[in-house]
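I have placed the structure first, in the form of structure tokens, so that the comments after it can refer back to it.
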């Protein structure tokens, strides 16, 4: 077993503290990764505060992991020592269900193994990227292209693929009008990706405070949702709306912004139920959908797309000792646009 330094939550709503976690020995198909960077995702905060249900403590969160391979098992063929790699939101799946066979491991019928807070194949609780090292099956390790810095690449493993997958699935591209709700960790990547795909991109944000950023990131238009006139002016405009915020919204108001056959996709996950009136859908054959991350192949496709288009996350790098402060700043929307932990500060 390998002992890795870590920052972990000892219990619900408790501050994260320095500790250690145990990593399994490198098996025949395993890859040992020395973690260099790990993004801070709003999901980390939801989980350690038990806003999405019970959590197994103590827990080191983190599913936006980048680093270097330092050891590989005897049967590993996809990665080699020294490779730049990443790990996203899952580290295993059943490999046998129709979804896994189709490369949609994120929708594994038997439940994929999340990078933290899940039960691994050896029966232990998975610990995430707020640690110095991790051991992962080679099939769930991604290649980080040379064109993306490891720190800017880390949030792509969640924020990047969470927005890329619905944009790709619902056909964002030339001739399509796409709206991104919220300009945070997810939303800023949604804008970059939709723009790179060739769509006409609009940001819908509470205020115009981040308008200059939105336009810089690739938005063609920027509107404040606090202004009721926005919903009148834009009614029936969009082919696709991707809602990235984890908060209560008047979904009916946003659904009325869709054109005929338009789709509103939720990737934000507020802890409370969201209400929808069917008469916001029926008259114009609109759809309300949800989307998770992507499968391993699609996540690699996203990384390669980002490298080809010169895309990475806009980040603020913090030391491990600043994690609790960073959590509070995330909740206050005081980051542009993703915190990334310099894991070297844990060593």
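The values are calculated or read from the model by the stated rules, or taken from the named source; none is laboratory data. Quantities reported herein were computed from a predicted structural model and do not represent experimental measurements. With ideal geometry, Cβ positions are generated from the backbone for all residues, glycine too; neighbour counts draw on all protein chains shown.
Tally time: how many residues in region 311-339 are within 15 Å of residue 188 (Cα to Cα) and touching a helix residue (DSSP H, G or I) at 6+ places or on another chain (Cβ under 9 Å)?
Taking region 311-339 and keeping what is within 15 Å of residue 188 (Cα to Cα), we get 311-316, 330, 333-339.
Filter once more, so that each one left must be touching a helix residue (DSSP H, G or I) at 6+ places or on another chain (Cβ under 9 Å): 311-316, 330, 334-339.
Qualifying residue count for the region: 13.
Please go through region 19-52 and pick out each residue that is under 24 Å from the mean Cα position of the chain (by Cα) and either surrounded by fewer than 16 Cβ atoms within 10 Å (Cβ to Cβ) or outside the structural domain of residue 124 (by TED's automatic domain parsing) (or both).
50, 52 - these are the residues of region 19-52 that are under 24 Å from the mean Cα position of the chain (by Cα) and either surrounded by fewer than 16 Cβ atoms within 10 Å (Cβ to Cβ) or outside the structural domain of residue 124 (by TED's automatic domain parsing) (or both).
Which one of 103, 147, 123 is on the phi > 0 side of the Ramachandran plot and in contact (Cβ under 8 Å) with a residue 60 or more places away in the chain? Working first, answer last.
Values: 147 fails: on the phi > 0 side of the Ramachandran plot; 123 fails: in contact (Cβ under 8 Å) with a residue 60 or more places away in the chain.
Step by step, each of 103, 147, 123 is checked, and only 103 is on the phi > 0 side of the Ramachandran plot and in contact (Cβ under 8 Å) with a residue 60 or more places away in the chain.
When residues of region 114-135 are filtered for being buried (at least 20 other Cβ atoms within 10 Å of the Cβ) and closer than 21 Å to residue 292 by Cα, how many remain?
7
Filter region 247-289 for residues that are part of a loop (DSSP other than H, G, I, E, B) and in contact (Cβ under 8 Å) with a residue 60 or more places away in the chain and give the result.
Scanning region 247-289 gives 249, 257, 267, 268, 269, 271.
Across region 328-347, what is the total count of residues that are part of a helix (DSSP H, G or I), in contact with a strand residue (DSSP E or B) (Cβ under 9 Å, 6 or more places away or on another chain) and within 29 Å of residue 51 (Cα to Cα)?
Here is the first cut: in region 328-347, the ones part of a helix (DSSP H, G or I) are 328-331, 343-346.
Next cut, in contact with a strand residue (DSSP E or B) (Cβ under 9 Å, 6 or more places away or on another chain) only: 329-330, 343-346.
So of that shortlist, the ones also within 29 Å of residue 51 (Cα to Cα) come out as 329-330, 343, 345-346.
Summing the residues that are part of a helix (DSSP H, G or I), in contact with a strand residue (DSSP E or B) (Cβ under 9 Å, 6 or more places away or on another chain) and within 29 Å of residue 51 (Cα to Cα) in region 328-347 gives 5.
Looking at region 35-46, is at least one residue touching a residue at least 40 places away in the same chain (Cβ under 8 Å) and under 15 Å from residue 83 (Cβ atoms)?
yes
Please work out which residue is nearest to residue 148 (Cα to Cα), limiting yourself to region 290-299 and to residues that are in contact (Cβ under 8 Å) with a residue 40 or more places away in the chain, outside any helix (DSSP H, G or I) and touching a strand residue (DSSP E or B) at 6+ places or on another chain (Cβ under 8 Å).
Within region 290-299, the first condition is being in contact (Cβ under 8 Å) with a residue 40 or more places away in the chain, and the residues that meet it are 291-299.
From the residues that got through so far, the ones that are outside any helix (DSSP H, G or I) too are 291-295.
If we keep only those that are touching a strand residue (DSSP E or B) at 6+ places or on another chain (Cβ under 8 Å) as well, we get 291, 293.
Details: 291: 25, 293: 20 Å.
Looking at residues that are in contact (Cβ under 8 Å) with a residue 40 or more places away in the chain, outside any helix (DSSP H, G or I) and touching a strand residue (DSSP E or B) at 6+ places or on another chain (Cβ under 8 Å), I get 293.
Answer yes or no: is there a residue in region 300-309 that is surrounded by fewer than 18 Cβ atoms within 10 Å (Cβ to Cβ), assigned by TED's automatic domain parsing to the domain that holds residue 65 and part of a loop (DSSP other than H, G, I, E, B).
Yes.
Those residues that are over 20 Å from residue 76 (Cα atoms) and out of contact with any helix residue (DSSP H, G or I) (no Cβ under 7 Å at 6 or more places or on another chain), I need them from region 131-152; list them, please. Spell out the reasoning first.
To start, the set of residues in region 131-152 that are over 20 Å from residue 76 (Cα atoms) comprises 131-132, 146-152.
Selection gives 131, 146, 149, 150, 151, 152.
Take residue 342 and tell me if it is loosely packed, with under 14 Cβ neighbours inside 10 Å, more than 21 Å from residue 194 (Cβ to Cβ) and either in the same structural domain as residue 90 (by TED's automatic domain parsing) or modelled with pLDDT of 95 or more (or both). Spell out how you get there, then give the answer.
Values: loosely packed, with under 14 Cβ neighbours inside 10 Å: no; more than 21 Å from residue 194 (Cβ to Cβ): yes; either in the same structural domain as residue 90 (by TED's automatic domain parsing) or modelled with pLDDT of 95 or more (or both): yes.
For residue 342, the condition - loosely packed, with under 14 Cβ neighbours inside 10 Å, more than 21 Å from residue 194 (Cβ to Cβ) and either in the same structural domain as residue 90 (by TED's automatic domain parsing) or modelled with pLDDT of 95 or more (or both) - is not met.
Which members of region 17-42 meet the condition of being part of a loop (DSSP other than H, G, I, E, B) and closer than 13 Å to residue 64 by Cβ?
Residues of region 17-42 part of a loop (DSSP other than H, G, I, E, B): 24-29, 40-41.
Residues satisfying the conditions are 40, 41.
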